[in-house]
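*Asks:* Quick one: the structure is below, questions incoming.
Please treat every number below as a calculation from the coordinates, not as lab data. Computed from a prediction, not measured in an experiment: that's the story for all the values here. Here the Cβ positions follow ideal geometry from the backbone for every residue, glycine too, while neighbour counts run over all protein chains shown.
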Amino acid sequence: MMVFDNISLAYGEKVLCEGISLSLPIDGGALVLLCGANGSGKSTLLRKIASECQGAVMIPTGIPKVKGFTLRQFVETGCYRESTWSGRLSDDLKSRISAALNALGLDEKAGQDISTLSDGEFQKACIAVALTIGGDVILLDEPTAFLDPENRLAVLSALRKIADAGKTVIFSSHDLADAMKHCTATWALGVDKKFHKSDENGAQKCIESIFLSTFERYGK
């Protein structure tokens, strides 16, 4: 288990957030919503967890849907570190890929060109890579950004199933209403530059911490 005790986030000399304490992975699995205003340090915190927490896998954003790869080939390519020097995949790795595709409901899409997938289906394909690699902690930076409502809910539902199976999934999002319906915990990087957790203050208090400066500036 990795313990972060009272750490701070900074961009150059500018302090973004202080007093961050957490332990990962979370026993029994969890789907954690990480929220905060733009520039509050959400991406910075995710990258720090990815770099320092053994067993954490971060799914990058902005991966292009390049024509010419099937969905299964895309997932196999994402697992290249486990292939042999000649690019061969072990039977165990092939089995894990199949299991990940099955868990995300992508079996019937496995032979389909990724350029023809919906954005939601492609986001789930990226998640399948993380599942196959086998990290105990899966990190995503705004995985539902720019998705339509149907695909947004499909991705959130897939993440919740992964969490219910025992993984710790942490994702940042500005789609608070939809995200909070699926998550089991909420973390917020407040405008007070403090770290808020729902198990300490309640989810509503976490959300309010993001908007305090707006209330103070313009009035309630």
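*Asks:* Give the residues of segment 155-172 that are polar (S, T, N, Q) and either surrounded by fewer than 23 Cβ atoms within 10 Å (Cβ to Cβ) or on the phi > 0 side of the Ramachandran plot (or both), sorted by residue number.
*Replies:* Within segment 155-172, just SER157 meets the criteria.
*Asks:* What single numbered condition from (1) touching a residue at least 40 places away in the same chain (Cβ under 8 Å); (2) part of a helix (DSSP H, G or I) fails to hold for THR77?
*Replies:* (1)
*Asks:* If you scan segment 99-123, which residues turn out to be among the polar types (S, T, N, Q), part of a helix (DSSP H, G or I) and without any contact (Cβ under 8 Å) to a residue 40 or more places away in the chain?
*Replies:* ASN102, THR116, GLN123
Yes or no, residue by residue, for (1) under 15 Å from LYS197 (Cα atoms); (2) touching a residue at least 24 places away in the same chain (Cβ under 8 Å); (3) of a type in the set (Val, Ile, Thr):
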position: MET2; (1), (2), (3): no, yes, no
position: LEU9; (1), (2), (3): no, yes, no
position: GLY12; (1), (2), (3): no, no, no
position: LEU33; (1), (2), (3): yes, yes, no
position: ASN38; (1), (2), (3): no, no, no
position: LYS48; (1), (2), (3): no, yes, no
position: ILE63; (1), (2), (3): no, yes, yes
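*Asks:* Quick one: count up the residues across segment 142-153 that are surrounded by fewer than 21 Cβ atoms within 10 Å (Cβ to Cβ) and either small (Gly, Ala, Ser) or closer than 26 Å to GLU52 by Cα (or both).
*Replies:* Adding up the residues that qualify gives 2.
*Asks:* Inspect all residues belonging to segment 88-98 and state whether any of them is of a type in the set (S, T, N, Q), closer than 25 Å to GLY55 by Cβ and in a helix (DSSP H, G or I).
*Replies:* Yes: one or more hits.
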